[in-house]
Amino acid sequence: MLENESNPTISKSTGLPRKRFYRARAHSNPLSDSHFPVPISPCHVDYSFHYPQLVSSDQVDSNKKIQFADVGCGFGGLLISLSTLFPETLMIGMELRDKVTEYVKERISALRATNPGQYQNISVVRTNSMKYLPNYFGKGQLSKMFFLFPDPHFKEKNHRRRVISPHLLDEYAYVLEIGGIIYTITDVEELGEWMNSCLASHPLFEALTVVELGADPVIKLLSTATEEGQKVARNGGQTFQAVYRRIVPSQ
Amino acid sequence: MDDTQVEAGDNNRDIEVAPALISVHPNQNSVAVAVGSDLRIFDLRGGCGVSLVDDSAQPFHKDSIRAIRYSANGKLLVSAADDKLVKIWSTDSWRCVSSVCSEKRVSAVAISEDGLYVCFSDKFGVVWVVDLHELEGNESLVSRKAAPLLAHYCSIITSLEFSPDGQFIVSADRDFKIRVTVFPKKPLDGAHEIQSFCLGHTEFVSCLAFICTMDYPQGFLVSGSGDSTVRLWDITSGFLLDTCEVGAKAGLLESNRSDEGCSTVSDLCIILDGNLIAVAIQSLQGIMLLHCDLSSRTLNVIKVVSIMGESFIPTSLGSSSHAELLWMVTGVSKLSGSDCNSLARVRVLSGFKKSNPDSVGHELTVMRDDELPGAEKLLEKLQGSVSIEENVFLAAAEAVKTAMCNLLIKKQYSMEKREFRKRSRNDRKIKQ
């Protein structure tokens, strides 16, 4: 590795990390036992490490909690757009691919350095959210969860690897507060139908109305903010979204 | 790199063994022991062995039994095995009243407090529910289908337990998690509402039990784990109330032990509806007795009850709800390098008295074989033979320990071993 001043992985003009040095496979097996540290419980999540300017290490017990989770955040495009839209909200991206997580980490620290005072509310963690979500968030802690362009896993044998599935929705309902919103979008029609039907048949979720969708400023970011979304738009592809609210079940 | 060593690790699957299990009828009418594919039941009231009747199959199970349990009202016994069958037996007729096929191997079973639902978990982390309505009075054999209830994402579920009030179902897995789910009114539609996660264990959770007294009818959860601790939980909030380092305490009390990391808690048993917990620990010859003070919500070690005379390390514990006996079994299926291919040894600890929990431990005695209810007849039925050679015990304990570690602890590979394994993957599709 060369010295810092001529580090080729950082772009000289923007100071941001260059993507081509963080090439990774497009898919990762969520079923494999990867070895990375996992917090024992939500109170073991080190907030001062993720948000050093907003949470100092001596006030760990402050009631400022992560409220948005971008599951499978990829290269972090959505997080960065949301960061300035909701500057007071702590949010975290969760990504299974190690190299991609490294890229997002570098990207955030570069943005923090070039825009003092900004981008302090976003961070990223390498984890398997399908296994360890309850280790990061307590009951009803989140107000928004994002699942943008997840791996479609076409084969029926691999449907249990899909990040939106009937049983995993129980865990998402647990970490979401009542009224919290789950956003999903994909460019694969089959997966779009699957995600929609999983959410529609789950007793703890209800679809947002067209009026509500129109009023939500986050909706248009779904297809424009992420790298995947931009790629789909460039190729003139279609997208399918499903946006649902966490409700109290009717007894 | 040493290829042979890598191979040896993979071949361990062939000698996968199952620990012997014991379960006691809630009114101590009978006692059941499972070793390998054998289900042995002794009728304590009648003083004789029980012959099971199953019109559908012979033998009843074709592979190692992994879970047995009586229902709270004592009318049912459920057995589940690696042959992917869950069998429900009537304890009146000892007939198999229902046989349920599972898609995967079964790891744990539980029966709802009202005896109307049987739940079982498979090795892929899914908990299934079987509806037993209509079973009343109808003793004919019915093949039933199970419906998915809930799932831990691709993790082996190690233990399932209903809360004493029947409101929650609790499931524990090898990923250190305990999940508390509201047991719904219509379980066949799935259980979607998670009450809490009890997080704090740092290794696989091996066993669960509820402590429930007159003062605290909602009950508190106790869990044992591969991290050598027993922990006390409030399930409504998921709060960890107390941790008892039983591994360290066992080592302390038994000063002649030096090796560490082998003090996995293998089973827990609540004695006398009350505040006493018997703990079986791998490599502890005997059991550890804990007292749970529910007013201060603490766990304290009372004493280690050693079993003299033979190397008896229990693999499973059982007790009825009111009797003053603790039943213990040790053993394995398929013991390699021995002439008898399975081993089971039953011991009983007596002297638990409800009146004075403070003085507990003084009157405890390990019953001699001839003092047991049913004496030789019972041992012949449950153990298969009256006497067992001493050298078999340690081999059995070692086999159980290895099997449990292989099953539940994540394997750590060095970088080069990992590369080697990637090259020799066996999950590629074979063209037919």
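The values are calculated or read from the model by the stated rules, or taken from the named source; none is laboratory data. Computed from a predicted structure; not experimentally measured. Because the Cβ atoms are built from the backbone with ideal geometry, glycine has one as well, and the counts that use them run over all protein chains shown. These accessible areas exclude ligands, DNA and RNA; they are computed on the full protein's heavy atoms, side chains included. Shrake-Rupley method; radii C 1.70, N 1.55, O 1.52, S 1.80 Å.
Computed quantities for the displayed model
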{"read-out": "Residues (modelled with pLDDT under 95 and closer than 23 Å to A:Tyr174 by Cβ) located in the stretch A:95-124", "value": "A:Glu95, A:Leu96"}
{"read-out": "Condition check for B:Cys96: among the hydrophobic types (A, V, I, L, M, F, W, C) and modelled with pLDDT under 90", "value": "yes"}
{"read-out": "Test: residue in the stretch A:104-116 that is under 13 Å from the mean Cα position of the chain (by Cα) and either closer than 30 Å to B:Ile235 by Cβ or open to solvent by less than 20 Å² (accessible area, probe 1.4 Å) (or both)", "value": "yes"}
{"read-out": "Subset of the stretch B:153-170 that is open to solvent by less than 10 Å² (accessible area, probe 1.4 Å) and not in a strand (DSSP E or B) - its residue that is farthest from A:Tyr136 (Cα to Cα)", "value": "B:Ser163"}
{"read-out": "Helices (runs of 4 or more DSSP H) enclosed by the stretch A:122-207 - at least 1 residues per element that are of a type in the set (A, V, I, L, M), touching a Cys at 6+ places or on another chain (Cβ under 7 Å) and facing another protein chain (nearest Cβ under 10 Å)", "value": "A:166-175"}
{"read-out": "Hits in the stretch B:75-95 - residues which are hydrophobic (A, V, I, L, M, F, W, C) and open to solvent by 10 Å² or more (accessible area, probe 1.4 Å)", "value": "B:Leu76, B:Leu85, B:Trp94"}
{"read-out": "Those residues of the stretch B:171-183 which are part of a strand (DSSP E or B) and under 18 Å from A:Leu169 (Cα atoms), in sequence order", "value": "B:Ser171, B:Lys177, B:Ile178, B:Arg179, B:Val180, B:Thr181, B:Val182"}
{"read-out": "Residue match in the stretch A:100-114 (condition: within 14 Å of chain B (Cβ to nearest Cβ), under 30 Å from B:Phe124 (Cα atoms) and part of a helix (DSSP H, G or I))", "value": "no"}
{"read-out": "Residue match in the stretch A:83-92 (condition: open to solvent by 10 Å² or more (accessible area, probe 1.4 Å) and of a type in the set (Phe, Trp, Tyr))", "value": "yes"}
{"read-out": "Candidate set: the stretch B:401-421, residues that are touching a Lys or Arg at 6+ places or on another chain (Cβ under 9 Å) and either within 11 Å of chain A (Cβ to nearest Cβ) or aliphatic (A, V, I, L, M) (or both); chosen: the one least open to solvent (accessible area, probe 1.4 Å)", "value": "B:Leu408"}
{"read-out": "Test: residue in the stretch A:41-50 that is open to solvent by 80 Å² or more (accessible area, probe 1.4 Å), more than 14 Å from chain B (Cβ to nearest Cβ) and either farther than 18 Å from A:Gly93 by Cα or part of a strand (DSSP E or B) (or both)", "value": "no"}
{"read-out": "Some residue of the stretch B:101-115 being in contact with a Pro (Cβ under 8 Å, 6 or more places away or on another chain), assigned to a strand (DSSP E or B) and open to solvent by less than 30 Å² (accessible area, probe 1.4 Å)", "value": "no"}
{"read-out": "Unmet criterion (only one of (1) open to solvent by 10 Å² or more (accessible area, probe 1.4 Å); (2) modelled with pLDDT of 90 or more; (3) assigned by TED's automatic domain parsing to the domain that holds B:Ser387; (4) hydroxyl-bearing (Ser, Thr, Tyr)) for B:Ser295", "value": "(2)"}
{"read-out": "Some residue of the stretch B:389-397 being in contact with a helix residue (DSSP H, G or I) (Cβ under 9 Å, 6 or more places away or on another chain), exposed (fewer than 15 other Cβ atoms within 10 Å of the Cβ) and away from chain A (no Cβ under 14 Å)", "value": "no"}
{"read-out": "Of all residues making up the stretch B:178-228, the number that are among the aliphatic types (A, V, I, L, M) and within 14 Å of another protein chain (Cβ to nearest Cβ)", "value": "8"}
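Residue by residue, here is whether (1) crowded, with 21+ Cβ neighbours inside 10 Å; (2) under 29 Å from B:Ala147 (Cα atoms) holds:
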position	(1), (2)
A:Phe149	yes, no
A:Asp187	no, no
A:Val210	no, no
A:Gly229	yes, no
A:Gly236	no, no
A:Val248	no, yes
